[in-house]
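In what follows, a structure is listed as C-alpha cells, so that the remarks can point back to it.
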Amino acid sequence: MDISQDSELLGRLMNKLEVKQPESLTMHTLVRHVRDKQWGNTQVFMDHCDMRNLTTVLCHGPSTLAENIDDGAWFVYSEDEKRLKWLLEEVRVAEGRRLVGSDTKYTNTVIFEDFDDKLLPVITEYMNRHEFKEDKSYTARMYIIDDNVSTAAMQKPTPPSGYRLTPLRPRDAAIVASKTIFCSPASVPVVQKMIKEFPSCGIYAPDREDPVGWSMMQQHGWLGFGFTLPEYRRKGLSSLRHWALVSSLRQRGYRYMFASEENNVQVQTSLKKSPPGRYIPLYQVCRSFFTKTSQVRMHRDAKL
C-alpha cells in the first residue's frame, strides 16, 4: 500500500511509529519528512491498511549512496519477517523502482540503507531469489542521546577568535561530499538538498571562504558527515559543531542519533569520555548493496 501522497495516513503512521521508538526512529523521521514535503521523490509503503496490525514499512527515496541522483535506497522497518517477505514481493523491490516524478529507474543495483541487521537474512534471501547477489554490506552500532544527561553535561564551547558558526550554505555541498567516504560527485545534489532542508552547522575560519568543519543531519535523522580539515584540528572545533547541531536539532524536535563502527577510534574515544549514560547503544544497523549476478562489482571499501 503506497501512502506517499496521503498526508493523513502519513500522520497516523508517524503516531504508530512514535510508540515503537527508539527502534523506529529512522523510519519515523523519514515519514515526517515525506509528510512535510521536505524530501521529494520518496515513496512510503505499509504492509497493512489497518494501522493496528501494521508491522512493516518500506521507504524508498534519494540517497548519497546511489550513483545517480535519480536512483535511491530502500529503508526498512519491520517487526515481522513474514510480513517483510510479503511486502518486498508486493512492492517488487528487485524489479527496480520508478520514483515519484522521475522517468528513470534502475535494475542493476538495489541499495538497502540503515536497517536493523537482524533483517539482513530475510532481505538477502529475497534478493537471491531474484538473481541479485550481495555486493557489499557494512554494519555499525546505532546510538541515541539521553537528553536528560546531555542537557546537564553540555556547555556551550567558546569558538576561537575570528571563527564563525552558522548553518552550512547550499554551495558548501561539494566540499562536504568530497570529504565523505560514502559520497561521489553524483551525491552533491542530494547533499545540497539536505543542507537546504535539515539542521546543519558549518565552521568558517577568518582565512577561508569554505567551511573548515561541519556536521549535518541526513534525511533519515542521523547525524553524519562530521568532519574538520586536518590543519584546523585540535582547536575544539569538533565540540563546537557538535554542540551547535544538537542545539538546532532540539529546537526542531528531532532526536539525536548516529551510528559508529566499533573500530572507529575517534568516535569510540569520545564515547568513553562522555558522561555515563549520555549515549545509549541500540541495535546493529546495516547498509547493503545487491547487484544482478551477471553484473556484480565490488563497491569501494568504506565505513558507515
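The values are calculated or read from the model by the stated rules, or taken from the named source; none is laboratory data. Just so it is clear, the model here is predicted, and its values are computed rather than measured. Virtual Cβ from ideal backbone geometry, glycine too; neighbours counted across all protein chains shown. Surface areas here come from the heavy atoms of the whole protein model, side chains and all, with no ligands, DNA or RNA. Shrake-Rupley method; radii C 1.70, N 1.55, O 1.52, S 1.80 Å.
Worth a mention:
- For the criterion of being among the hydroxyl-bearing types (S, T, Y) and crowded, with 22+ Cβ neighbours inside 10 Å, T29 passes.
- Segment 204-234, residues that are free of Cβ contacts under 8 Å to residues at least 24 places away in the same chain and charged (D, E, K, R): D207, R208, E209, E231, R233, R234
Matching residues to (1) open to solvent by less than 10 Å² (accessible area, probe 1.4 Å); (2) among the hydrophobic types (A, V, I, L, M, F, W, C):
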| site | (1), (2) |
| --- | --- |
| P189 | no, no |
| I203 | yes, yes |
| D207 | no, no |
| G213 | yes, no |
| G221 | yes, no |
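- Looking across segment 246-262, the residues that are at pLDDT 80 or above and more than 22 Å from S24 (Cβ to Cβ) come down to S247, S248, Q251, E261.
- For G226, the conditions (1) modelled with pLDDT of 85 or more; (2) more than 17 Å from the chain's Cα centre (by Cα) all hold with the exception of (2).
- Answer residue from segment 223-232, given it is under 19 Å from L165 (Cβ atoms) and not aliphatic (A, V, I, L, M) and is surrounded by the fewest Cβ atoms within 10 Å (Cβ to Cβ) among those: E231
- Selection over segment 281-304 of residues that are modelled with pLDDT of 75 or more and open to solvent by 60 Å² or more (accessible area, probe 1.4 Å) gives a count of 2.
- Going through (1) more than 23 Å from S270 (Cα to Cα); (2) among the acidic types (D, E); (3) exposed (fewer than 15 other Cβ atoms within 10 Å of the Cβ) one by one, E134 falls short only on (3).
Rundown of residues vs (1) closer than 15 Å to F115 by Cα; (2) in contact (Cβ under 8 Å) with a residue 12 or more places away in the chain; (3) open to solvent by 30 Å² or more (accessible area, probe 1.4 Å), yes/no style:
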site: G11; (1), (2), (3): no, yes, no
site: R35; (1), (2), (3): no, yes, yes
site: C49; (1), (2), (3): no, yes, yes
site: V57; (1), (2), (3): yes, yes, no
site: A66; (1), (2), (3): no, yes, no
site: F75; (1), (2), (3): yes, yes, no
site: E79; (1), (2), (3): yes, yes, yes
